[in-house]
1. Here's a check for you: in segment 41-64, which residue that is in contact (Cβ under 8 Å) with a residue 40 or more places away in the chain and of a type outside the set (Ser, Thr, Tyr) is surrounded by the fewest Cβ atoms within 10 Å (Cβ to Cβ)?
2. Just checking, which of Leu91, Leu74 is touching a residue at least 40 places away in the same chain (Cβ under 8 Å) and among the aliphatic types (A, V, I, L, M)?
3. Which residue out of Gly216, Gly169 is under 22 Å from the mean Cα position of the chain (by Cα), over 20 Å from Tyr259 (Cα atoms) and in the same structural domain as Ser243 (by TED's automatic domain parsing)?
4. Do we have Arg125 as within 26 Å of the chain's Cα centre (by Cα), surrounded by fewer than 16 Cβ atoms within 10 Å (Cβ to Cβ) and among the charged types (D, E, K, R) here?
5. Among the numbered criteria (1) of a type outside the set (Ser, Thr, Tyr); (2) assigned to a loop (DSSP other than H, G, I, E, B); (3) at pLDDT below 95, which one does Pro146 miss?
6. How about segment 140-179: which of its residues are away from the ligand (no atom under 16 Å from the Cβ) and at positive phi?
7. Can you name the number of the only condition in (1) touching a residue at least 40 places away in the same chain (Cβ under 8 Å); (2) more than 19 Å from Leu107 (Cβ to Cβ) that Leu10 fails?
8. Identify the residue in segment 214-246 that is on the phi < 0 side of the Ramachandran plot and touching a His at 6+ places or on another chain (Cβ under 6 Å) and, among all such residues, is surrounded by the fewest Cβ atoms within 10 Å (Cβ to Cβ).
Amino acid sequence: MIHEIAPEILDNQYRRENIQDDSSIMLFFEGRLLLSTKNGQISYPRYAQVKNKIGRYVYLFSLSGRGYFLAEPLFTETEYEGFQAVTAIQLRDKQPVSEAFAGMTALHLYRWYASVQFCGCCGNRAKHDENQRMMRCPSCGYMMFPKISPAIIVAVTDGERLLLTKYAGRKTAAYALVAGFIEIGETAEECVAREVFEETGLHIKNIRYYGSQPWGFDGNLMLGYTARLDGTHKIELDQNELSTAVWLKPEEIPEIADYSSLTREMIRRFKHGRL
Ligand SMILES: [Zn+2]
């Protein structure tokens, strides 16, 4: 999965880090990230290459000791020779995985920083805290911490078949699992049961935690669960959310090319008898 980057190590604690000539510079153009691709491997501009073409910058994180900084581009993307801006979708299956993960994590932080330049309470300009990743309003003192939205995904089986869905209104034809955001005031397990019932009308039991994944493309933390069907197989589809929900045996599930997400890993493990 995209966050599995060993032997590389992510150090995502905020600190007052000095920028170096070999620091990676993350430049966004309306949500698209600037990178270069050589022999199928992506890389980001180094500070030495773009120092005259960036404005303000902020430390994001380090990968195996090398710093990544979010910077404000001073020019349009075509002025950064040898690089091009790509969308989040284009980033997710890139190699090396550690750089794709760095891009996804930078995108999450970029969107958060863009949303906290002004105080959410009184509207004054906010300032970065000296010691932690937090924006503080000098006027009213309001503190804004990084925003992560917890969401669940669940692999429901009846013992032989897996419940697979397709989202309504999306171009992508890939199968997914039932998923949804946790509401304020509910547990992750309650959310799992609620989402399955709302989207398919099915009841479930034996809800078990599987694992989690940071999914910065959408600002989420994905919490994966498995569950067993309890009662009838008959699906009553929520057509606002889904275009399809089907029960498939392992051999009926198409192979998926890219295993960057927790959803896809869980589907793959079911297909190969290991979920
Ligand atoms: Zn304020």
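1. Per the criteria, the residue is Gln41.
2. None of the other options fit; the residue is Leu91.
3. Just a single option satisfies the conditions, and that option is Gly169.
4. no
5. If we test Pro146 against (1) of a type outside the set (Ser, Thr, Tyr); (2) assigned to a loop (DSSP other than H, G, I, E, B); (3) at pLDDT below 95, just (3) comes out false.
6. Gly159, Gly169, listed by residue number.
7. Checking Leu10 against (1) touching a residue at least 40 places away in the same chain (Cβ under 8 Å); (2) more than 19 Å from Leu107 (Cβ to Cβ), the one that fails is (2).
8. Step by step, filter segment 214-246, then rank; the result is Asp230.
The values are calculated or read from the model by the stated rules, or taken from the named source; none is laboratory data. Everything numeric in this text was worked out from a predicted model, so none of it was measured. FYI the Cβ positions are ideal-geometry reconstructions off the backbone, even for glycines, and counts take in every protein chain you see.
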